[in-house]
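I'd like to ask you about the structure that follows.
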């Protein structure tokens, strides 16, 4: 049994534009700030949470359920913050 913390959560893409380049870039950037290893998946397809192109390959449109998995010391926080990003509407992601 491993002592490395793990966390996982399922989140639904709420943005009418889906998980396109800008939010995928924000996701990858945020994922890179955590010590945990981040994966994001749709069905049986899993990709690195730090790769914008891999995230885009998931073709997540509005209503798509995505699973976020984190392994590491800040796993719970990573899943919570990245999940909130997935479930944000596009206008909530706008830079101030």
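Does residue 60 fit the bill of being surrounded by 14 or more Cβ atoms within 10 Å (Cβ to Cβ) and closer than 15 Å to residue 84 by Cβ?
No.
Moving on. Given the criteria at pLDDT below 95 and surrounded by fewer than 17 Cβ atoms within 10 Å (Cβ to Cβ), does residue 16 qualify?
yes
Given the structure, is residue 34 in contact with a helix residue (DSSP H, G or I) (Cβ under 6 Å, 6 or more places away or on another chain) and outside any helix (DSSP H, G or I)?
On the way: in contact with a helix residue (DSSP H, G or I) (Cβ under 6 Å, 6 or more places away or on another chain): yes; outside any helix (DSSP H, G or I): yes.
When the stated conditions are applied, residue 34 passes them.
Looking at 63, 25, 9 in this structure, which one is on the phi > 0 side of the Ramachandran plot and touching a residue at least 12 places away in the same chain (Cβ under 8 Å)?
Details: 25 fails: on the phi > 0 side of the Ramachandran plot; 9 fails: on the phi > 0 side of the Ramachandran plot.
63 is the lone residue from the list that is on the phi > 0 side of the Ramachandran plot and touching a residue at least 12 places away in the same chain (Cβ under 8 Å).
Kindly list the number of the only condition in (1) buried (at least 16 other Cβ atoms within 10 Å of the Cβ); (2) on the phi > 0 side of the Ramachandran plot that fails for residue 39.
Among (1) buried (at least 16 other Cβ atoms within 10 Å of the Cβ); (2) on the phi > 0 side of the Ramachandran plot, the lone unmet condition for residue 39 is (2).
Here's a follow-up. Six or more apart or on different chains, Cβ atoms under 9 Å: show the pairs whose first residue is in segment 70-87 and at positive phi and whose second is surrounded by 17 or more Cβ atoms within 10 Å (Cβ to Cβ) and in a loop (DSSP other than H, G, I, E, B).
72/34; 72/36
The values are calculated or read from the model by the stated rules, or taken from the named source; none is laboratory data. Since this is a predicted model, take the numbers as computed values, not measurements. Note that we place each Cβ from the backbone using ideal geometry, even for glycine, and neighbour counts take in every protein chain shown.
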